[in-house]
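Here is the structure we will look at, set down as structure tokens.
Each reported figure results from applying straightforward, stated rules to the coordinates on display, with no laboratory input. Values in this document were obtained by computation on a predicted structure and should not be read as measured data. Here the Cβ positions follow ideal geometry from the backbone for every residue, glycine too, while neighbour counts run over all protein chains shown.
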């Protein structure tokens, strides 16, 4: 936390960090002129950056170190998160967002070009079905219940489509006797205990995804979801899916 406090508690340091991220390397005098600061103040701060390994010095020029680049990137995420949490504050209050693992919560809502979508109960099946059918190469999904209607949609898809689905362990008996493509490597089920699930989702060919979360009465909310095609959102969705896939079981 020391480096975070060092940066975030000083607007002057934040401005210098921004400037270094735009053009590197730069002389302290040039940075001072652009930021309209005293050269002595900028020089002192830059030397502190070097001391804390946030910047490196080459002769009279300064540039962000790799560590400095990481901190700059994460500060941008924090700024995006601040804007988005205000925008989605009601949604956050109504869902058990705190169940998202720490390594993923830090990037939650830092995506661009995503939206909160409100469906109706009549919209849910057509929406899920459409997303299955739009997938040509790969479809990843996490569902809170086994639906025979959705199962029939999966069974109607091209056998070359790679499908992986995660269901709650408590739902496994519903698949007994159901005609599936379980014998084919490209159609895989895994199961995880319901208490260890924190989201439902679909990921289509890694160019579209949506995610729904558990609400305050511990039911998965399919009617209020976050969806989008932003590459960072899709990568985040895939990471969450792979985390749960790794922690699920094939029965």
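What angle do you read, to the nearest 10 degrees and between 0 and 90, between the alpha-carbon axis of helix 231-246 and the longest principal axis of the chain?
Tilt of helix 231-246: around 60 degrees.
Less than 18 Å from a label point 7 Å out along the Cα-to-Cβ axis of residue 35: which backbone N atoms in region 63-79 qualify, by residue?
63-76
What list do you get for 170, 93 if you sort them by fewest beta carbons within 10 Å?
Result, fewest neighbours first: 93, 170.
Please report the relative contact order for region 39-135, taking Cα pairs under 8 Å with a sequence separation of at least 6, and give it as a percent rounded to a whole number.
16 percent.
With a point put 7 Å past each Cα toward its Cβ, work out how far residue 47 is from residue 98 in nm, to one decimal.
It works out to 4.6 nm between the two label points.
What does the highest-first list of 63-71, 140-148 look like by mean Cβ count within 10 Å?
For the peptides 63-71, 140-148, the packing ranking is 140-148, 63-71.
How much length is gained if the chain between residue 27 and residue 120 is pulled fully straight, taking 0.36 nm per residue apart and subtracting their Cα-Cα distance, in nm to one decimal?
In short, 27.7 nm is gained.
Normalise the Cα radius of gyration of region 2-73 by 2.2 N^0.38 Å (N = residues in it) and let me know the number.
Here the answer is 0.96, to two decimals.
Which order results if 194, 164, 216 are arranged by neighbouring Cβ count within 10 Å, fewest first?
Fewest-to-most ranking of 194, 164, 216: 216, 194, 164.
Any idea how far apart residue 148 and residue 12 come out in nm if each label point goes 7 Å out from Cα toward Cβ?
That separation, rounded to one decimal, is 7.2 nm.
With contacts defined as alpha carbon pairs under 8 Å and 6 or more residues apart, what's the relative contact order of the chain in percent?
Relative contact order, the chain: 17 percent.
In nm, to one decimal, how far is the residue 207 label point from the residue 90 one, both placed 7 Å along Cα→Cβ?
Calculated label separation equals 3.4 nm.
Between residue 106 and residue 155, how high is the FRET efficiency from 1/(1 + (r/R0)^6) when r is the Cβ-Cβ distance and R₀ = 41 Å? Nearest 0.05.
Step by step, r from the Cβ atoms, then E = 0.60.
By how many degrees, between 0 and 90 and to the nearest 10, does the Cα long axis of helix 124-134 differ from the longest principal axis of the chain?
Taking the Cα atoms of the chain, the angle to 124-134 is about 80 degrees.
How long are the semi-axes of the equivalent ellipsoid of region 88-246, defined as square roots of 5 times the Cα gyration tensor eigenvalues? Whole Å, largest first.
24, 17, 15
Per the helix-only calculation at 222 nm, which mean residue ellipticity applies to the chain, given -39500 (n - 2.57) for every DSSP H run of n ≥ 4 and division by its residues, nearest 500 deg cm²/dmol?
Value at 222 nm, helices only: -12500 deg cm²/dmol.
How high is the relative contact order of region 2-73? Use alpha-carbon pairs under 8 Å, at least six apart in sequence, and give a whole percent.
Reported relative contact order: 30 percent.
Using alpha-carbon positions, what is the distance between the centroids of region 130-174 and region 2-40, in Å?
Spelled out, the Cα-based centre of one part sits 51 Å from the other.
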